[in-house]
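> Attaching a single structure in structure tokens format; questions to follow.
The values are calculated or read from the model by the stated rules, or taken from the named source; none is laboratory data. On a predicted model such as this, the values are computed, not experimentally measured, just so you know. Neighbour counts are summed over all protein chains in view; Cβ atoms, including those assigned to glycine, are modelled from backbone coordinates with ideal geometry.
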Amino acid sequence: MEPAAGRFAPQLPFPPYAYLPGRDPHPTGDPRGHSFGLGERPPPWLAPERWRENADYLFGCDLYNFGFLWEAHEAWEGLWHVSKHERDQAEFLQGLIQCAAASLKVRMQQPRGLARLAEFGTGRLELVQRHRGPFYMGLELPGFVRDFRAFAASSPQTPDARPRIELEV
């Protein structure tokens, strides 16, 4: 699904701003933050095959696709914590987290952070591909990894050219 065609979890509203460290109030740590005081609830664990039912995963994809990079990282991090018993799922989520963080490093003008996190993230996604094949939790891994590496190597000045997450529906 193309981001322009819609969202994966349209029932969940986007925050009022995409957090950028050093520019905005910290979402959870500052009383002015968009998620301050909301409390964190651990998301339920769902098997990777049930990704279509996983609202937290799908919302993370929406957040990433629409430029809420820190927020995507946070959405997937909760899932990563509850999936640690399922090695490939944990690696996959950690890979997406690192790709989102790499994209955020572009906005923060930290090219070394972009390169490092892009390599770690895409490496984790390749590991999952070796174990599970080219599709995992709806994402075509070889294409995403290729495109993300090309994005990171292009010395981007904005994260807008990052590859979007397109899930088989």
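> Looking at the range 131-169 only, could you name the residues that are touching a residue at least 40 places away in the same chain (Cβ under 8 Å), more than 23 Å from residue 8 (Cβ to Cβ) and over 16 Å from the mean Cα position of the chain (by Cα)?
131, 155, 156, 157, 158
> When the range 123-169 is examined, which residues are found to be surrounded by 12 or more Cβ atoms within 10 Å (Cβ to Cβ), of a type in the set (Lys, Arg) and more than 21 Å from residue 67 (Cα to Cα)?
124, 132 - these are the residues of the range 123-169 that are surrounded by 12 or more Cβ atoms within 10 Å (Cβ to Cβ), of a type in the set (Lys, Arg) and more than 21 Å from residue 67 (Cα to Cα).
> Turning to a different aspect of this structure: Has the range 66-89 got any residue that is hydrophobic (A, V, I, L, M, F, W, C), more than 23 Å from residue 29 (Cα to Cα), buried (at least 18 other Cβ atoms within 10 Å of the Cβ) and modelled with pLDDT of 95 or more?
Scanning the range 66-89, I find no residue that is hydrophobic (A, V, I, L, M, F, W, C), more than 23 Å from residue 29 (Cα to Cα), buried (at least 18 other Cβ atoms within 10 Å of the Cβ) and modelled with pLDDT of 95 or more, so the answer is no.
> Scan the range 107-130 and tell me whether some residue there is within 20 Å of residue 72 (Cα to Cα), within 15 Å of the chain's Cα centre (by Cα), part of a helix (DSSP H, G or I) and β-branched (Val, Ile, Thr).
Looking through the range 107-130, at least one residue is within 20 Å of residue 72 (Cα to Cα), within 15 Å of the chain's Cα centre (by Cα), part of a helix (DSSP H, G or I) and β-branched (Val, Ile, Thr).
> Anything in the range 128-143 that is of a type in the set (Asp, Glu) and in contact with a Leu (Cβ under 6 Å, 6 or more places away or on another chain)? List them, or say none.
Within the range 128-143, none qualify.
> Got a number for residues in the range 39-58 being part of a loop (DSSP other than H, G, I, E, B) and either among the small types (Gly, Ala, Ser) or more than 10 Å from residue 9 (Cα to Cα) (or both)?
So the count comes out to 9.
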